[in-house]
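One structure below.
The values are calculated or read from the model by the stated rules, or taken from the named source; none is laboratory data. Just so it is clear, the model here is predicted, and its values are computed rather than measured. Cβ sites come from the backbone with ideal geometry, for glycine too, and all protein chains shown count toward neighbours.
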Amino acid sequence: MVGCYVHVPFCARRCGYCDFNTAVLGTGLTPDGWLAGLRAEIELVAPRERLGTVFFGGGTPTLLGGPILADAMDMLRTEFGLASASEVTIEANPETVTEPLLDSLLAAGFTRLSLGMQSADPAVLAVLDRAHTPGQATWCVGAARRAGFTNISLDLIYGAPGETLASWQHTLETALAAAPEHISCYALIVEPGTPLARRIDRGELPTPDDDLAADQYLLADDLLTEADLDWYELSNWATPGHECRHNLGYWHSADWHGFGPGAHSHIGSQRWWNHRSPRRWATALQRGESPVAGRELLDDTMIHEERLLLELRLATGLALAELSPAERERLPTFISNALLVTNTHHAVLTRQGRLLADKVVRDLLG
Ligand SMILES: C[S@@+](CC[C@H](N)C(=O)[O-])C[C@H]1O[C@@H](n2cnc3c(N)ncnc32)[C@H](O)[C@@H]1O
Ligand code: SF4
């Protein structure tokens, strides 16, 4: 079964830490132009098989409003079809969510809501330039529950300049009190060229501390596990059965179509990606041309390296059968350094190993 990612490149305003492909709504492509582009892009795809998972990401997909999102879902349903019990996620910013919007999302076929809560500390939200209060995020979880959502995820960020371990603990406890099925905890990446990076460079904000970030990760793992959310990928915890099936598809190198500006697709051993600029993407499609900016054929080495990189991040681990003889010979060193454990068929990161996952992958590849 194939997955589908739909990129929505609009935000009401930009957060100072984010370098995702998104622009302030009203400054370029319109939502109607985006919908027309999506329709044209879907029509270019053949053959079309039923979708097992769909993920509307952004940007801020919920800014589009119920009718446009329902039209987009109708297109996918008509042109591809949805598998029974498909998982259909939409990312939402708390300040864009209303009770009528939640009802229209459910009616349109969305089954999973991923809310960008980030922090329960107003000072951290201010450093991140977020447009919502902590209370708006927790209100959204309750409203989504009342509307009928049974699969809700919260995105949290740790490591913002000035954040303390106590503040992060309060964020985790506030998120857990809302009882979501899934929580993602991302370490803040200071992306070069962002307003946040400039403020740090000018000395207006402290540089995030890696040791504190490691303590924050371990605290998250303790509190989330105690609350019966198990880690299943480095940055993701879920109650049993609520792991994000769409993202598991990426991590297991499954096939997916990507639609929208900058979206990537992966089918078999081919990968391709669209023009990043929303205007360029839309103009190509208006002219009946392909919006693809580049493509590559994955050779055996690339497939092997990606599989190591992605599957080692999972709690299910990396199949030992995937390893080359040279990589297998390196395993005992990781095991004696308590970074990896092995069971009958897989190598799995320990908690210490999870803190050093990138290095473990690099060293394992040799
Ligand atoms: C790109 S956003 C899209 C969803 C939505 N607009 C939001 O802000 O929640 C997806 C997730 O990526 C996170 N993100 C964006 N930039 C990041 C960065 N520099 N470091 C860590 N996480 C980041 C956001 O905080 C959010 O939780
Ligand atoms: S973090 Fe989310 S809301 Fe903020 S600019 Fe990025 S995509 Fe938009």
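Figures for the structure shown
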| item | result |
| --- | --- |
| Residues of region 300-332 classified as free of Cβ contacts under 8 Å to residues at least 12 places away in the same chain and closer than 15 Å to residue 360 by Cα, total | 3 |
| Scan of region 133-153 for residues that are in contact with a strand residue (DSSP E or B) (Cβ under 8 Å, 6 or more places away or on another chain) and either aromatic (Phe, Trp, Tyr) or over 12 Å from residue 90 (Cα atoms) (or both), ordered by number | 134, 137, 138, 140, 141, 144, 145, 149 |
| Among the residues listed as 175, 123, 197, 160, the single one being crowded, with 16+ Cβ neighbours inside 10 Å, of a type outside the set (Val, Ile, Thr) and more than 15 Å from ligand 2 (Cβ to nearest atom) | 175 |
| Residue tally, condition at pLDDT 95 or above and surrounded by fewer than 19 Cβ atoms within 10 Å (Cβ to Cβ), over region 45-62 | 1 |
| Flag for residue 166 being farther than 21 Å from residue 194 by Cβ, buried (at least 16 other Cβ atoms within 10 Å of the Cβ) and more than 15 Å from ligand 2 (Cβ to nearest atom) | no |
| Cβ pairs under 9 Å, 6+ apart, first in region 179-194 and farther than 18 Å from residue 232 by Cα, second assigned to a strand (DSSP E or B) and within 14 Å of ligand 2 (Cβ to nearest atom) | 188/157 |
| Residues of region 52-70 satisfying the condition of being in contact with a Ser or Thr (Cβ under 6 Å, 6 or more places away or on another chain) and aromatic (Phe, Trp, Tyr) | 55 |
| Residue in region 281-296 that is out of contact with any Leu (no Cβ under 8 Å at 6 or more places or on another chain), within 24 Å of residue 5 (Cβ to Cβ), surrounded by 15 or more Cβ atoms within 10 Å (Cβ to Cβ) and not hydrophobic (A, V, I, L, M, F, W, C) present | yes |
| Unmet criterion (only one of (1) surrounded by fewer than 23 Cβ atoms within 10 Å (Cβ to Cβ); (2) over 17 Å from residue 245 (Cβ atoms); (3) not hydrophobic (A, V, I, L, M, F, W, C)) for residue 109 | (2) |
| Helices (runs of 4 or more DSSP H) enclosed by region 209-294 - at least 1 residues per element that are within 15 Å of the chain's Cα centre (by Cα) | 245-251 |
| Residue that is nearest to residue 19 (Cα to Cα), among those in region 102-119 that are away from ligand 2 (no atom under 16 Å from the Cβ) and touching a strand residue (DSSP E or B) at 6+ places or on another chain (Cβ under 9 Å) | 112 |
| Yes/no for residue 28 being within 16 Å of ligand 2 (Cβ to nearest atom) and either among the charged types (D, E, K, R) or over 23 Å from the mean Cα position of the chain (by Cα) (or both) | yes |
| Residue 16 being crowded, with 21+ Cβ neighbours inside 10 Å and either within 16 Å of ligand 1 (Cβ to nearest atom) or not in a loop (DSSP other than H, G, I, E, B) (or both) | no |
| Which listed residue is within 15 Å of residue 5 (Cβ to Cβ), modelled with pLDDT of 95 or more and surrounded by fewer than 23 Cβ atoms within 10 Å (Cβ to Cβ), from 104, 86 | 86 |
| Neighbours by Cβ (under 7 Å, 6+ apart or cross-chain): first from region 1-27, over 30 Å from residue 83 (Cβ atoms) and aromatic (Phe, Trp, Tyr); second within 11 Å of ligand 1 (Cβ to nearest atom) and not in a loop (DSSP other than H, G, I, E, B) | 17/196 |
| Residues being touching a Ser or Thr at 6+ places or on another chain (Cβ under 7 Å), among the small types (Gly, Ala, Ser) and closer than 16 Å to residue 184 by Cα - total across region 214-262 | 1 |
| Residue within region 33-55 that is within 16 Å of ligand 1 (Cβ to nearest atom), free of Cβ contacts under 8 Å to residues at least 40 places away in the same chain and either in contact with a strand residue (DSSP E or B) (Cβ under 6 Å, 6 or more places away or on another chain) or over 22 Å from residue 141 (Cα atoms) (or both) present | no |
| Total residues in region 197-237, condition under 16 Å from residue 176 (Cβ atoms) and among the acidic types (Asp, Glu) | 5 |
| Within region 55-89, considering residues that are aromatic (Phe, Trp, Tyr) and either within 16 Å of ligand 2 (Cβ to nearest atom) or assigned to a helix (DSSP H, G or I) (or both), the one farthest from residue 36 (Cα to Cα) | 55 |
